[in-house]
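Student: Pasting a structure here, questions to come.
The values are calculated or read from the model by the stated rules, or taken from the named source; none is laboratory data. Since the structure is predicted, the reported quantities are computational estimates derived from the model, not experimental observations. All Cβ positions, even for glycine, are placed from backbone atoms using ideal geometry, and neighbour counts span all protein chains on display. Areas reflect the complete protein model, heavy atoms only, side chains present, ligands, DNA and RNA absent. Shrake-Rupley method; radii C 1.70, N 1.55, O 1.52, S 1.80 Å.
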Amino acid sequence: DGEIIFRQLFDTSGSSTYTYLLGDPISKEAVLIDPVKEMVERDLAVVNDLGLKLKYAINTHCHADHITGSGDLKKQLPELKSVIAKASGAKADIHIEHGDVISFGDASNVINLEVRATPGHTDGCVSYVCENMVFTGDALLIRGCGRTDFQGGSSDKLFDAVREQLFTLPDETLVFPAHDYKGRMMSTIGEEKSLNPRLGVAKTKEQFIEIMNNLLAVKKYANMLI
Ligand code: FE2
């Protein structure tokens, strides 16, 4: 079952965003997760090189540090549908909610992305589970998480979402975040449960909230957007 074409793409224009291309080798249908406006030509070149047809441009959330590539992709590919959570309040062709499933691929090789609401970085953050992978946006980063002090952020909600929606996945699930500033490309749920210094299972919610409060003072000073 489930043969998937997979590419992890990195935004060299400044936001250190990872964009993920997932495709079905049979029907050639494909989706992009978190495309970045500046990198649309790069993304389309990869899609064309692999002979893929983009069905959806899927966003984990409304990003503060970069503009989604969805709009520019749609100009070049009128059939393409943009996707984002209803709770984000952002414009898109398709608004998804917790529990929804986004499907693409051939009838003999359907690829499903299960939507899990993971609010806390923003109120409209979702993660997408696809087979043994989870695309976590800024909810869960490698050894970190997104900031929680603006765009409807809440440390309280983020803690619960990560513990209930992400840390309940099998330990071997591969974690693919929306960014990494140190060049790390992936993690696993088991790794983050034991090693994430903010959200790891050794931390209580009170400790997490305190860590985030202290951190936000630094981030505001440095004008950081994640
Ligand atoms: Fe973000």
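Student: Order the peptides 54-63, 208-217 from the highest to the lowest mean number of other Cβ atoms within 10 Å of their residues. If you can, show how the numbers build up before the last one.
Tutor: Details: 54-63: 25.6, 208-217: 15.7.
By packing density, highest mean first, the sequence is 54-63, 208-217.
Student: Could you tell me what percent of the DSSP beta bridges with both partners in the chain are antiparallel, to the nearest 5? Each step should come with its number before you reach the end.
Tutor: Values: 26 of 41 bridges.
Close to 65 percent.
Student: Oh, and also: Computed over the Cα atoms of region 1-108, what is the convex hull's projected area averaged over all directions, in nm²? Intermediate values should be presented prior to the final figure.
Tutor: Details: hull surface 27.4 nm².
Mean shadow area of the hull around the Cα atoms is 6.9 nm².
Student: Then there's this: When ligands, DNA and RNA are left out and all protein chains stay put, how many square angstrom of accessible area per residue does region 1-53 have with a 1.4 Å probe?
Tutor: On the way: 2260 Å² over 53 residues.
Per residue, region 1-53 has an accessible area of 43 Å².
Student: Moving on. Which whole-Hz couplings ³J(HN,Hα) result when phi for each residue of region 35-49 is put into the Karplus expression 6.51 cos²θ - 1.76 cosθ + 1.60, θ = phi - 60°, listed in order with x for Gly and Pro?
Tutor: So the J values, rounded to whole Hz, are x, 10, 3, 5, 10, 4, 5, 4, 4, 5, 5, 5, 4, 5, 4.
Student: Another question about this same structure. Can you work out the Karplus-derived ³J(HN,Hα) for every residue in region 210-215? Use 6.51 cos²θ - 1.76 cosθ + 1.60 with θ = phi - 60°, whole Hz, and x for glycine or proline.
Tutor: Couplings: 5, 4, 5, 4, 5, 5 Hz.
Student: Given a Förster distance of 35 Å, report the FRET efficiency between residue 26 and residue 97 from their Cβ-Cβ distance, rounded to the nearest 0.05. Present the calculation step by step, with values, prior to reporting the outcome.
Tutor: Values: r = 29 Å, r/R0 = 0.83.
The computed FRET efficiency comes out at 0.75.
Student: Taking every pair of Cα atoms in the chain, average 1/r, invert it to obtain the Kirkwood radius, and report Rg/Rh to two decimals. Could the numbers behind the result be given before it?
Tutor: Details: Rg = 16.7 Å, Rh = 17.5 Å.
Reported Rg/Rh (Cα atoms, Kirkwood Rh): 0.95.
Student: Within 10 Å, count the other beta carbons around each residue, average over each peptide in 11-20, 27-36, and list them highest first. Working shown, then result.
Tutor: Working: 11-20: 18.6, 27-36: 25.0.
Order by mean packing, descending: 27-36, 11-20.
Student: If each of residue 53 and residue 5 carries a label point 7 Å out from its Cα toward its Cβ, how far apart are those two points in nm?
Tutor: Between residue 53 and residue 5, the label points sit 1.2 nm apart.
Student: Consider a paramagnetic label point 7 Å from the Cα of residue 150 along Cα→Cβ; state which residues of region 40-79 have an amide N under 18 Å from it.
Tutor: The answer is 61-68.
Student: Let me ask something else. Using the Karplus curve 6.51 cos²θ - 1.76 cosθ + 1.60 with θ = phi - 60°, work out ³J(HN,Hα) for each residue of region 132-141 in order, rounded to whole Hz, and write x for Gly and Pro.
Tutor: Once θ is set to phi - 60°, the couplings for region 132-141 become 9, 10, 9, 9, 9, x, 9, 5, 10, 9 Hz.
Student: What residues have an amide H closer than 5 Å to that of residue 17, excluding those fewer than 5 places away on the same chain, when H is modeled at 1.01 Å from N in the peptide plane?
Tutor: 11
Student: On each of the three principal axes of the Cα atoms of region 131-226, give max minus min coordinate, whole Å, ordered largest first.
Tutor: 38, 28, 22
Student: What shape does region 53-159 have by the C-alpha gyration tensor, where a ≥ b ≥ c are the square roots of the eigenvalues, rounded means a/c under 1.5, and otherwise prolate means a/b greater than b/c and oblate the rest? Intermediate results must be reported in sequence, preceding the final value.
Tutor: On the way: a/c = 2.10, a/b = 1.40, b/c = 1.50.
Because a/c hits 1.5 or more and a/b fails to exceed b/c, region 53-159 counts as oblate.
Student: Carbon and sulfur together cover what percent of the accessible area of region 77-182 at a 1.4 Å probe radius? Write down the numbers at each step before the final one.
Tutor: Numbers: 2040 of 4170 Å².
Carbon plus sulfur share of accessible area: 49 percent.
Student: Which value in nm describes the separation of the simple spin-label points at residue 184 and residue 204, placed 7 Å from the Cα toward the beta carbon?
Tutor: Here the modelled spin labels are 2.6 nm apart.
Student: Cross-link candidates for residue 75: which lysines have Cα within less than 24 Å, leaving aside residues fewer than 8 places away along the same chain?
Tutor: 28, 37, 53, 55, 86, 91
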